[in-house]
Structures are given as structure tokens and as C-alpha cells.
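Trainee: Here's a structure for you.
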Number of protein chains: 2
Amino acid sequence: MNGEAPHNNAESTGNLTRTPLSEQVRRIMLDNLVRGRWQAGQRIVERRLATELGVSQAPVREALRDLQAMRLVESSPHRGTRVGDLSPRRLCQVYPVRAALERLAAELSLPRLAEDPSRLEEHTEGMRRAAAAEDVDAQVRHGVAFHREILRAAGNAVLLPSWESLAVELWTHLSLTRVRTGLHENARDHEPIIEAFRRRDPDVGRLLQLHILGYAPQPIGAS
Amino acid sequence: MNGEAPHNNAESTGNLTRTPLSEQVRRIMLDNLVRGRWQAGQRIVERRLATELGVSQAPVREALRDLQAMRLVESSPHRGTRVGDLSPRRLCQVYPVRAALERLAAELSLPRLAEDPSRLEEHTEGMRRAAAAEDVDAQVRHGVAFHREILRAAGNAVLLPSWESLAVELWTHLSLTRVRTGLHENARDHEPIIEAFRRRDPDVGRLLQLHILGYAPQPIGAS
DNA sequence: GCTTGAGCGATGATCGATCGTCGGTTAACG
DNA sequence: CGTTAACCGACGATCGATCATCGCTCAAGC
């Protein structure tokens, strides 16, 4: 497939590290989900999508597997794949898990971040700028980066991948664009967390946990 | 491949639900890891494994993806896959994450399990029997089932998959067979947790968290 | 008219083959 | 003899094709 045209429909023209096709496909699919081009429950036919993207079935399949691990699509053998539940109801299930993981991360990373919270500050600054420019995408990117930095600082090679598998970036985007919480409030909300790190507050974990649960439509959604 | 012979090399002869090849491959690979047939860092060549198992490259690749999501193998593009770190050091990173998730699960499932902890009791009973019979496999199975039951009772569709991706069953097996903790102690260790559920102890989450961290060689392993 | 099962199209699962890259090896050069 | 660059085998990534299964349709039977 992809006959003879230079298949650089991505923004990266001539970058040295060619990304695998499956990775590119994954990004496109994520983008489709974020932009709402795909509705919940909609059928995703591997071959059709492969044809549309000009690739074979294999990379599409691999990308689909990734999204499946993130619970963004649901597959059952011989019955195909369909867009998963992206409703606020599902978000209420994602956030408690995310909050629990980040609480652990905060506790583990406390010494390191108390020593040097500069990275966190950079991201809040980025959020502020993005909010001022009304750039939702950038705001999400910085907001997620803030939290990802905490995960990274925890220094646990298992914790970060588990968190990544929650597709926080996507859910944050959906939350901002669909539920439409107050936008630029976010930057300010993160200040107390940095402060807690600075003063080595042993409750920083719980603080962060509550901070995240505050994002969910209902703070606690169980059973 | 698999020329003409009925490809039922699995134990399930004539079961109605044929399992996909990739699933069978995944189980075999997990077994290889548990039994120690594969050493850490060892190279896993997709095609060689495919030939050995009498299947094509595709199902092996899919199974490999699953194990990769569980951090049991490590892959990098064009450089192949190798067996991941299965050392106690890594286990010390898995258990805090697991403990955090199960703490959340316990808190969410408290009302339900306080109402009816019979399932939990069944599993501790199973653990006792398995310990008496010195059946390590069965003991692991019941021990993990105990915890999985808590996850399931939490009723969070995101929490359970996240927990499953930690490969708790495999790590428990490794912990028991390699580090060789006291065996039949496990059944008794779980009694206080059931009791905590029964009396609706709001600290049951923390109790469970500490219970799990007690399994790790060092209770807290950070940085 | 309602049920039921054969037929059919759509689709996921798997396969065998090819393409391009990576890492090590070897041979030319200084 | 040490360095470097072309070469080569191995392997992952991707492809196009085939196979088996599922859900649906429609007609036969009651």
C-alpha cells in the first residue's frame, strides 16, 4: 500500500527517528477520540480503517491493542472492536484510580520534589500561559505534564506505566472540552501542591489525591 | 503451519470456547517465566518462538505485546524483545503500586464485602487446604483470588484491569518459589482483613495496603 | 404469523512472504 | 596494530491473502 507518495502526512518532516506505523496509527486514533470524530459504541472495522489510512491491517491491529489496554475501545473475539465508553460515568471510574496512583507517587517523590520543585513550577507557568492564550490543547499538555512529573520523580518503573495506561491526557481533554470545567483555574489549583512539596508535608499524597478527585463530576463514585 | 493434526495440544479437549492462539501463546510464555525456564535479559526471538510453538509470527507478537504491557518483557523497535527484570528489586516496585490499588479497592468495596464476605472466606479456606497439601500452585491461585475478589467487589471497571496488568499472579508465584516466604502463614494473614470488612472498619484500606507491603522484601522501596 | 435454520456477506484471526533496519564482522586503510 | 567503513546475516515491521466465525437475512416449516 501507500503507493509512491511520501507518506509524511504527520507534522514531522524528515525527523531522524521514524516512528513505527502502529504508533502513527495510534496517535490518529487517539486524536479521533479526543476530537469526538468517533462516537461511543461506534464500530471500528480494522480493514476499513487500514484502507482509509493507507496502511495494512497489522499496524491498525497493534494500535487497537494499545487502545484496548487503555480501555478506550472494547474488543471481543470474532465480534470486532467498538469505541468504548467515554462518558463522564467512566471518567468517574478513571479518576479514583488515577488519584490513588498519584497519591502513592507523591509520597514516594516527596524528598526529591521538596528538594527541587522547579519542574512543577515550569508546568504551572505553562498552564497559565496556555490559559491566557485560550489554548486548550496546550493547557491540557502542561496540566498532564505537571502530574506526570510527579510520577516520574517517584522513581518507580511500574507506577508510571500503570498511570500512563489510564490515558490521563485523553480524559483530561474530554473533561475540559465536554464537561467544560473552569479553564484557567487549573493553574492556580496546582499551587498548593507545590507548596506542600516545599514544606515536606507528609499529607501531600492525600492532598494530591483529593485534588484529582475534585476534577471528577462527583468526588466519590463507587458501586 | 500446524499442518493437519488437530491443534489441541492444550489441556482443553473439545471445549466449546476455542481460545485464540495468541492467548495460548501468552499462557505458555507466562508459564515459562514462572517456571524459570527463561532467565532475565534473555533474548526472545519472535520467529524462533513461533517455530517452536508451531504457529506464525503474528500470535507470538500479540502475546509479546501483552507481556510487554505487564512489564514482564522489554521491547524496543528493531532491537527485539528480551525477558524483563524479575528480580526482587522489581518486585519491590510492583508491590507498592499493587498495595495502593488494593487500598482503593478495599475502600470502595467496603459496604459490599461487609455485607457478604463469604467469597473471601472460601478463598482463605482454599489457601489453607492448598497449604496443607503443599500445593504451591493452588495456594497462589487462591491467594490471588482472594485479592482479586476485593478488586471485583469494588465495582470499578478501570481498577480491576489496572490491577491485572501488574501480573500479581506471576509475582506472587515468584515470591513464593524464589524468595520462599513462609508458606501456610498466608491463610492466617488474611483473617484480619476479613474481620476488618466485617466490622466495617474504615481503615480496612490501609490495613490491606500494609498487608501487601508486608509481602515485599522491604516494606518501602523508593528512589 | 411466528419460529427456526440454512445461506451469505462482513470481519477478525492467522498465515507466509517481503522490506528495511540493526549489530556484529571483516577487510581495507592509515 | 588500531581505526573505520562496507558487508552480511538476523530480525522486527509491515504487507497482502486466506481461513474460520459471527450476525443477519430470508425462506421453509409448523
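The values are calculated or read from the model by the stated rules, or taken from the named source; none is laboratory data. Since the structure is predicted, the reported quantities are computational estimates derived from the model, not experimental observations. Every residue, glycine as well, gets a Cβ built from its backbone with ideal geometry; the counts of neighbours run over all protein chains shown. Calculation scope for accessible area: heavy atoms of the full protein, side chains included, ligands and nucleic acids excluded. Shrake-Rupley method; radii C 1.70, N 1.55, O 1.52, S 1.80 Å.
Trainee: Could you work out which residue, out of B:Ala133, B:Ala105, B:Ala114, moves most in a Gaussian network model of chain B, that is, has the largest mean-square fluctuation with Cα springs under 10 Å?
Mentor: Evaluated over chain B, the most mobile residue of the options is B:Ala133.
Trainee: A further question follows. From the backbone phi of the stretch B:126-132, what are the Karplus-calculated ³J(HN,Hα) couplings (6.51 cos²θ - 1.76 cosθ + 1.60, θ = phi - 60°) in whole Hz, Gly and Pro given as x?
Mentor: x, 4, 4, 4, 4, 5, 4
Trainee: Once you wrap a convex hull around the alpha carbon atoms of the stretch B:88-213, what is its projected area averaged over all directions, in nm²? Intermediate values should be presented prior to the final figure.
Mentor: On the way: hull surface 26.5 nm².
For the stretch B:88-213, the mean projected area of the Cα convex hull comes to 6.6 nm².
Trainee: Once amide H atoms are placed 1.01 Å from N in the peptide plane, what residues at a sequence separation of 5 or more from B:Ile44, or on another chain, have their amide H within under 5 Å of its amide H?
Mentor: When sequence neighbours closer than 5 places are left aside, the close amide H contacts are B:Thr81, B:Arg82, B:Val83.
Trainee: Still on this structure, please answer the following. Set the Förster radius R0 to 45 Å, insert the Cβ-Cβ distance between A:Ala133 and B:Arg119 as r into 1/(1 + (r/R0)^6), and round the FRET efficiency to 0.05.
Mentor: After rounding, the FRET efficiency stands at 0.25.
Trainee: While we're looking at this one, here's another question. Rounded to whole Hz and in sequence order, give me ³J(HN,Hα) for the stretch B:90-97 from the Karplus expression 6.51 cos²θ - 1.76 cosθ + 1.60, θ = phi - 60°, writing x for Gly and Pro.
Mentor: 5, 4, 5, 8, 6, 5, x, 5
Trainee: Still on this structure, please answer the following. A:Ala58 versus A:Ala157, label points 7 Å from Cα toward the beta carbon: distance in nm?
Mentor: The two pseudo-label positions are separated by 2.8 nm.
Trainee: Just to be sure I follow: if Rg is taken over the C-alpha atoms of the stretch B:21-83 and Rh is the Kirkwood radius over the same atoms, what is Rg/Rh? Before the final figure, lay out the partial values.
Mentor: Numbers: Rg = 10.4 Å, Rh = 11.4 Å.
Rounded to two decimals, Rg over Rh is 0.91.
Trainee: Counting every Cα pair in the protein assembly as shown, what percent are over 37 Å apart? Working shown, then result.
Mentor: Numbers: 29246 of 99235 pairs.
Percent of Cα pairs beyond 37 Å in the protein assembly as shown: 29.
Trainee: With +1 assigned to the C-beta of every Lys and Arg and -1 to the C-beta of every Asp and Glu, and no other charges, what is the dipole magnitude of the stretch B:21-83 about the Cα centre in debye, to the nearest 20?
Mentor: Numbers: 12 positive and 7 negative charges, 41 e Å.
For the stretch B:21-83, the charge dipole is close to 200 debye.
Trainee: Each residue of the stretch B:142-157 in turn: what ³J(HN,Hα) in whole Hz from Karplus with 6.51, -1.76, 1.60 and θ = phi - 60°, glycine and Pro shown as x?
Mentor: After applying 6.51 cos²θ - 1.76 cosθ + 1.60, I find 5, x, 5, 4, 4, 5, 4, 4, 5, 4, 5, 5, 5, x, 10, 6 Hz.
Trainee: Further question: For chain A, set up a Gaussian network in which alpha carbons nearer than 10 Å are linked by springs, and say which option among A:His142, A:His190, A:His78 fluctuates the most.
Mentor: In the Gaussian network model the winner is A:His78.
Trainee: Also, quick follow-up: Taking a label point 7 Å from Cα toward Cβ, how far is A:Asn32 from its twins in the other copies, in nm, shortest first?
Mentor: Taking the point 7 Å beyond Cα along Cα→Cβ, the inter-copy spacings are 3.4 nm.
Trainee: Specify the residue with the greatest mean-square fluctuation among B:Leu104, B:Leu21, B:Leu86, computed from a Gaussian network of chain B linking alpha-carbon atoms under 10 Å apart.
Mentor: Most flexible of the set in this elastic network: B:Leu21.
Trainee: If you don't mind, there's one more thing I want to ask. What is the magnitude of the charge dipole of chain A about its Cα centre, with +1 placed on the Cβ of each Lys and Arg, -1 on the Cβ of each Asp and Glu, and no other charges, expressed in debye to the nearest 20? Provide the component values of the computation, followed by the final result.
Mentor: On the way: 31 positive and 29 negative charges, 167 e Å.
That gives a dipole near 800 debye.
Trainee: With the full set of protein chains in place, find how many percent of the accessible area of the stretch A:77-136 is carbon and sulfur; take the probe as 1.4 Å. Each step should come with its number before you reach the end.
Mentor: On the way: 1340 of 2840 Å².
Using a 1.4 Å probe with all protein chains present, the stretch A:77-136 comes out at 47 percent carbon and sulfur.
Trainee: So, one more: Could you give the size of the charge dipole of the protein assembly as shown about its Cα centre, using +1 on the Cβ of each K and R and -1 on the Cβ of each D and E, expressed in debye and rounded to the nearest 20?
Mentor: On the way: 62 positive and 58 negative charges, 129 e Å.
Approximately 620 debye in magnitude.
Trainee: Okay, next question. Go ahead and run the numbers for FRET between A:Arg198 and B:Gln39, Cβ-Cβ distance against an R0 of 45 Å, rounding to 0.05.
Mentor: Numbers: r = 45 Å, r/R0 = 1.00.
Working from the Cβ atoms, E equals 0.50.
Trainee: With 5 Å bins from zero, work out the P(r) of the stretch A:116-160 over every alpha carbon pair and list the percent per bin.
Mentor: 5, 26, 26, 18, 13, 8, 3, 0
Trainee: OK, next. Going toward the positive end of the dipole of the protein assembly as shown, with +1 on Lys and Arg Cβ and -1 on Asp and Glu Cβ, which of A:Leu207, A:Val25, A:Leu151 do you reach last?
Mentor: Final value for the positive-end residue is A:Val25.
Trainee: Additional query: Principal axes first, then extents: for the Cα atoms of chain B, list largest minus smallest coordinate on each axis, whole Å, largest first.
Mentor: In descending order, the Cα extents are 59, 46, 35 Å.
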